[in-house]
Amino acid sequence: MWRKRKQLIIATAVVGLLAAAVPAMEVVAGETTSPFGKADPLSSMQEQIDTLKGQLRDSISPRSPTHLSGDYAVLGNMDCMVDSPGFGPNLSVNAVQGQSNAAAQHQTFIGTKHYNGDGTGTETLSGMVVASVPFNGAFPIGTFTVASCNFRYAANADGTFTETRLAGCIATGGDGSTTTSESDVKLHGRISNGGTTLLLGGITPAVERFVNTNSGAHERVCTRNNIATKIK
């Protein structure tokens, strides 16, 4: 009888010691009990450090925005090969009865671009064009203006974007002629300096069709390079 009672007393003492040791083991393991549940102070501190590192990194090197909006001043150049009635296979210059109506053109322009922030925008430009030869009665050197030309654009998370000038853009020449674009003009760009600078270029060969009131219908293939600086 005494032996059984002795065993019971010992077992009770062991259970008590184990129960008393549990809180101490939790403290050693880095766990504390709070009204909001268990938390690891070291993990919480590491999360705060990581957050501060991310904020510092972003402040030193801001990421390119995917939202493009505002007014920009733009300066650009374009070089084109113009042909009438059009280009042959592999963008070769057509020859009609042994004669070609092809001409090389260089244009420089300056103006403003407005990005609405919803994927649409407008631009107003003015500039000068120089052609290699008189082209179907047109002067080889002249000026032009482009008023309220519409475009659409799409910005990407990596800071690149595409911009497409919509058909129907009208340019008025200094000689009184007008040229109406009949096809889309696509540019590829990159957003730089946190959105304060835009770099754009035409890097994909494509045939553009347009009509001039003096010289008729033509086709052209152009390369472009533009730089735009945000003004507001």
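Readers should treat all values here as calculations from the given coordinates under stated rules, not as data from a laboratory. Worth saying up front: this structure is predicted, and the values here are computed from it rather than measured. Here the Cβ positions follow ideal geometry from the backbone for every residue, glycine too, while neighbour counts run over all protein chains shown.
Only counting other Cβ atoms within 10 Å, I'd like 87, 109 sorted with the fewest neighbours first.
If I rank by nearby Cβ atoms, fewest first, I get 87, 109.
If each of residue 73 and residue 91 carries a label point 7 Å out from its Cα toward its Cβ, how far apart are those two points in nm?
Between residue 73 and residue 91, the label points sit 3.3 nm apart.
May I ask you to compute the full-extension gain from residue 214 to residue 51, defined as 0.36 nm times their residue separation minus their alpha-carbon distance, rounded to one decimal in nm?
Difference between extended and current length: 52.3 nm.
Which whole-Hz couplings ³J(HN,Hα) result when phi for each residue of the stretch 119-130 is put into the Karplus expression 6.51 cos²θ - 1.76 cosθ + 1.60, θ = phi - 60°, listed in order with x for Gly and Pro?
Values per residue, Gly and Pro as x: x, 10, x, 9, 9, 10, 10, 8, x, 10, 10, 10 Hz.
DSSP loop GluC sites (Glu not before Pro) in the stretch 152-232 with at most 11 other Cβ atoms within 10 Å of their Cβ, which ones?
none
At residue 207 and residue 229, where each label point lies 7 Å from the Cα along Cα→Cβ, what is the point-to-point distance in nanometres?
Going from the residue 207 label point to the residue 229 one covers 4.0 nm.
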